[in-house]
Every structure is written in C-alpha cells, then in structure tokens.
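The values are calculated or read from the model by the stated rules, or taken from the named source; none is laboratory data. Keep in mind that what you see is a predicted model, and the values were worked out from it rather than measured. We place every Cβ from the backbone using ideal geometry, glycine too, and count neighbours over all the protein chains shown. Heavy atoms of the whole protein, side chains included, go into the accessibility calculation; ligands, DNA and RNA do not. Shrake-Rupley method; radii C 1.70, N 1.55, O 1.52, S 1.80 Å.
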Amino acid sequence: MKTLKFLAVTLIALVAIFVILGIWAPKDYQLERSININAPEYIVYDHMVHFKKWGLWSPWKHFDPKMKETYQGADGEIGATYHWVGNKEVGEGIVRNIAEGDNRMEYKMFFIKPFESEAEGWVMTEPLLEGTKATWGFKAHYSFPYNVMMMFMDMDKSVGRSFEEGLLLLKEVSEREAKYRKDTVLME
C-alpha cells in the first residue's frame, strides 16, 4: 500500500511540475541568422524569393535529395506555394508566400508530418557597399504542452545551425552566379 501511495504522490508531483512549467515556459520563439554575400542584391533576393530555387540552398534538401516537391501559383509572388513530402528527417509541409516588398518576403509554414504546427518566416536582403546582407528568420508560437517540450530542445542550436548552413549555401550559389554573369559580360 505504501508503494502505491508513493507512486500516486510521485505521479501527482510530476504532473504538477509539468503544469507549472507550462505556465512558466515561453510560448513564443524567434530565430534569425544573416550572412554577407559578395553578389548583387537582385541575384541573392531572386534565390530567396523563388521557391523553385530553394532547393539550391535549402539545408533540408540535403537530408532527402529525393523528396517530392510541388509548386502552385506564380513563383516569387504573393500566394505562391511550395509543398514538400520527404523522409522522416524532413517530413511534410507547405510554405505560402504571404507578403512581399522592400526586398523582404514573408511566408507562412504549415508542417504536416511528423507533427502538425505552424510558423511564420521571412527572408530579406540589404545592399552593402560591396555585396548583399541576406537574412533568414522564423517565429513560432507553442502552446501547452508543446512549450514545455521546447524547453528541452535547443532550437537555436538545431534550427540555427540549419539556417547557417542554408545561408552558406545561398552565398555559394549567389556568388557563383554573380561570377558567371560577370564572366559572361566580359566575354561579349
């Protein structure tokens, strides 16, 4: 009987701690990363705003090169969508361009698998004296009990690292295109 009471008290204490953590834990999360790219702003922005070009620099494309991708709407314009279905690492989801202007695109992301959730994201460029600053970010709201689980995940480390990898790929792709365009002009 003592063991049963001990288990009951322990279970109640654990549930109480979980609920208290749910009240205390942050519900909103935001992450943003930037990189300087030695390429004209129009080249960098073109890669960031067109979903069909995301495969050239998306770090998740490397987790599943065979993932199925479909596009709807006028790519690069408000209302365009990108739908992917991949392996366990990339899951399934939809991205929709919801706003665009002033060298910034905002999108809404709907994750379907491995679990349903939503996030808002953005990509933007800023001209520099030499090159372009590219920024990629997202924010999400996690209600109880997901906010408690998020306390034990290092989103800044996992998602932040993926954003950094993606921006490095974007830098490589954009600088390669800028060099190609420059070389092509010189040859004419």
Describe numerically, in nm with one decimal, the distance between label points set 7 Å from Cα along Cα→Cβ at Tyr42 and at Glu100.
-> 1.6
Anything over 18 Å Cα to Cα? Flag those among Lys61/Lys182; Lys66/Lys88; Lys108/Lys133; Lys52/Lys108; Lys68/Lys88; Lys88/Lys108, in the order listed.
-> Lys61/Lys182; Lys108/Lys133; Lys88/Lys108
On the accessible surface of region 22-95, probed at 1.4 Å, how many percent belong to carbon and sulfur atoms?
-> 56
Along region 93-104, Karplus-curve 3J(HN,Hα) (6.51, -1.76, 1.60; θ = phi - 60°) to the nearest Hz, with x for Gly and Pro, reads x, 9, 10, 10, 5, 10, 7, 8, x, 6, 6, 9
Give, in nm to one decimal, the length gained when the segment between Ser34 and Phe115 is fully stretched (0.36 nm per residue of separation minus the Cα-Cα distance).
-> 26.4 nm
Length gained when the stretch Lys66-Lys2 is fully extended (0.36 nm per residue, less Cα-Cα span) | 17.4 nm
Note, ³J(HN,Hα) from phi for region 37-49, Karplus 6.51, -1.76, 1.60, rounded to Hz, x at Gly and Pro = 10, 7, 7, x, 4, 4, 5, 4, 4, 4, 5, 7, 8
